[in-house]
Structures are given as structure tokens and as C-alpha cells.
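The structure appears right after this line, and notes come after that.
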Amino acid sequence: MEHYHMNLTLKVWKQKNKNEKGRFETYQVKNISSEMSFLEMFDVLNEQLVAENKEPIAFDHDCREGICGMCSMYINGRAHGPWHHTTTCQLHMREYKDGDTIVVEPWRANSFPVIKDLVVDRQAFDRIIQAGGYVSVNTGNAVDANAIPIEKHDADESFASAACIGCGACVAACPNASAMLFVSAKVSHLSLLPQGDPERKTRVMNMIHQMDKEGFGSCTNIGACEAECPKGISLENIARLNREYLGAMFEGGSQNAI
Amino acid sequence: MSWKQAFSSSVGKKIQMSLTGIFLILFLIVHCYINAQIWFGEDAFLTAAHFMGTNVIIRTIEIGLFAFLILHIVQGLSLWAKNSKRRNTRYAVKAGSQTSPWYRRSMGLLGTLILLFLIIHLSKFWGPNRFAQTFGSGELNLYELMKEEFQNMVIVVIYLLGCIALAWHLVHGVYSSMQTLGLTTHRYKTMIKNVGVAFSIIVTVIFALMPISFYMHWVN
């Protein structure tokens, strides 16, 4: 693809902290290379703002290679921008043309309060994990492949679920601000493996309980989460969570939960 | 954790929606079958209507039907109200249909339209008939009643709009109820979605044809 440069208008959400009211601020960026990533474009803008003695825009980022899940930006109505299976850092400026206007908002959900500008507090996810998204016994180092026989299908499914990076795009994209895709991925990846099996019933109950306590909405099977997930986590995980939940309900495994 | 707690979590409430929804789907099948008797003559329809209106078992199930219907409505509206409060600051730019079809996001609205239709529908047939059975001179001739009501263009249009709302509600409802019960596995999810769409179309087209048939005098 041919390399080109562009000038853009950015409308970015500015918010001092979670208690202050936020507003959109308009910025102009010039001479942006089509080969830059979306975050690099923000770096250019921030350098420009610092040079002008203005406050730079706060945004989350860490690995910048699409695996950490930090770069939460809601770009023109889409979590992580318009590209399929992509985080914001992997969205590149060749998506845009000279003269485009781009609206950038933080993840919006009451359970993800804004810390500053585009940075949101996603500790609600940590607390859901703390409620049950782990294996209680020490399983030691990674064992030799095939030391514990696991069906190929289960291993693949578990691996696909474990790809969840906890970025929160599912919550951001969901009209109900539900965290079900995240929780279901975590429930699935552990329940499918022998190490996670003994605690599967208490796990699902406790994690759902915590999810509700954090104030996330409930799942109405809309599917916007699946469409926006940068790691391609499927709605089949939510179906599996529902099975796990029903199983825990009917088999009395829920007695020691909560 | 008690059963009550298990049913009152967000997943538990969805299970309530799913189970009551499935019961209502089964009811629709029976209702559709009974009403389709109009195309086999007045006598066939009246025999079926008489059975549905007087049989002890059916009348007992009818109580359950109303209980489930009310539970489905109350739970649905409460989920709708609660879910709409999970995001106090709205997005300036919305994804809309880019990430999900409109009817999946509009179940509360479609359900409310169906409820409004249902109030009109029950006040036209079920209500007067039960009233006549209990306090009046006995069962009404529902066939004649339909023939009379469906001469009114406005009523026919209201019924068609009700059918359209029902169709879209079912397209998501059938699939969603199965997803909530965890039945939409990799192997079955496409089949369940397709069966759901086919079911929604078939049932609502049959329902829609009833007022049309009377209005157009295809049945007399």
C-alpha cells in the first residue's frame, strides 16, 4: 500500500478525574504518516501539546503489540476502532484519509470509572478474577506435553478462551455494559482443564456473584462483545458459562459458594 | 446458596426469561394450530375453541400461562430498566448496527409493543369470552366474533403490526433462550439460529394470515 500523509481533526474526551464532568476537546494533527499506529498518532499529538505548554491527553498503553489489553479507546463508535480482531495499538493510520474527523472516547460503563481522559479503572475485572478465576492448588511448573492427557478439542477450546486479555472491550461495546464475555472466557479456560475442574462449580457462582456486585449489566445475548473482541472470544463461551451455572445450580455444588 | 439466590443473579434472571420464554413459544404453537382451524371450516374451529375454552387441564395450564407471561414481562422490563442504567455517560458516537442487529438491542421495545397488542387482543376475544362463560349466557361464537372484528381495517392493521413485532422478538428470542440454557454449542448454534428464524417467520405469517383471510373474505 502506498505511503501517504494526512491532516486530521480529533475530538477527544477530556476528563480531569472520575468526579469531574468530562467534555470533548478538538485538536488538529498534521502530517500523520499512514504507517503510524493509532497510538503513535496520539504520541505525535501529545508532543505537540507539550511543546505548546498544554496538558497532554492521558491514555492507557503498555505492550503496543496487541497482547496486553491496556489500550482502551472507543474510536468513532467502535471499541479499539473499526478493524476486526484488533487492539487500538494495532490499528494503523492507513485506515484514515486526509481531512477525516475522528471521535475518541474512553470505555463507558459505570463499573469502569474514568481515571483521567481516556484512562479507565478496570479493577472490577481483577476483583472478578479474585472471586474465583484461579486454581487453588499449586500445579507446579509447566509439565511435559501430554503428561496429563487432555482431549484435543478441550485443549483447543480452553486455549481459545485463555486468549482473553481482559481489555474490557466487551463491556465497552455491550449496550448493557455486561462483562459476560470476559467472565465466560475466564470460566471456560479453567473449567475445560483438569486443573480447574475440581472448583468449577464454586468458581462460576462466585465469579457471577462478584460480576453482579461490580454493577455490570446482564447479558441479553446481543453479540456486540463478540464482534468487538480483539481476541475473537466467541459467544460459545457464554453458552458454556450458562451450562456451568446451571450445572452448579442443579448439582448442589453451589453450597460452599459465596 | 439457595435456589432463590441462584435464580436472582443476573444469569439466574436470564434463566427465568429463557424458561418462561420457551413456555410462551410452546403456547404460540398451540394457539397457532388451534386458530389455523379457521381454514378448515367454522365447525372445526369452534370444536377446537370449545375444547381450549372448557377443558379442565387446558384451563389449569392457562393459569400457569398467565403467571409465566407476567413473570416474563416483569422480569424483562426490570432487566431492561436496570441494564439501561449501567452506562450513565452515553457514547457520543454509537456502534449501532455495525456490531449487532437492531432487533437484538430492541427486545424490551419489541416486547412492550407485543404487550400493548396483547392488551387489545385479550380485550377483543379472550376477555369477553371468559366473561360470557362466567357471568353471561355461555361461550361466545369466536368464529363469528373474528369475522366481525376483522372487517375493521384498523383492527387488521393493529394485528399485522403485532405480528411484525412478534416476529422480530422471536427471531432473537428463540436463539437467546437456547443460548441462555447453554445449548448453542459450536455444533448446534447455526442450526438453532436458523430454526429460530424459520419458526418466527412461519408462526407469525400464519397468525398474520388470519385477520387477512377474514378481511379479504377468503374464509366465510
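Coordinate-derived values only; no laboratory data. This structure is a prediction, so every number in the text was calculated from the model and none was measured. Reconstructed Cβ throughout: ideal geometry from the backbone, glycine too, with neighbour counts over all protein chains shown.
Here are the numbers for the structure shown:
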{"read-out": "Residue mean of other protein chain beta carbons inside 10 Å, A:236-246", "value": "6"}
{"read-out": "Förster radius 41 Å - calculated FRET efficiency between B:L26 and A:A58 (Cβ-Cβ, nearest 0.05)", "value": "0.15"}
{"read-out": "Hydrodynamic radius by Kirkwood, which averages 1/r over all alpha carbon pairs of the stretch A:83-216, in angstrom", "value": "17.0"}
{"read-out": "The stretch B:41-101 and the stretch A:186-237: distance between their alpha carbon centers, rounded to Å", "value": "27"}
{"read-out": "Theoretical gain in end-to-end length, B:I57 to B:E139 [0.36 nm per residue, Cα-Cα removed]", "value": "27.8 nm"}
{"read-out": "Which of A:C219, B:C32, A:C63 has the fewest Cβ neighbours within 10 Å, and the rest in rising order", "value": "A:C63, B:C32, A:C219"}
{"read-out": "Filtered trypsin sites (Lys or Arg not before Pro), the stretch B:163-220: DSSP coil and at most 13 other beta carbons within 10 Å", "value": "B:R187"}
{"read-out": "Within 10 Å of each Cβ in B:154-162, the average number of Cβ atoms from other chains", "value": "0"}
{"read-out": "Förster-model FRET efficiency, 30 Å R0, A:H85 and B:W3, C-beta, rounded to 0.05", "value": "0.15"}
{"read-out": "Order of A:D144, A:D126, A:D60 - criterion: other Cβ atoms within 10 Å of each residue's Cβ, fewest first", "value": "A:D144, A:D126, A:D60"}
{"read-out": "For peptides B:165-176, A:157-168, sequence by mean Cβ density within 10 Å, most packed first", "value": "B:165-176, A:157-168"}
{"read-out": "Averaged over B:5-16, number of beta-carbon atoms from partner chains that fall within 10 Å", "value": "6"}
{"read-out": "Two-decimal ratio, the protein assembly as shown, of alpha-carbon radius of gyration to 2.2 N^0.38 Å", "value": "1.18"}
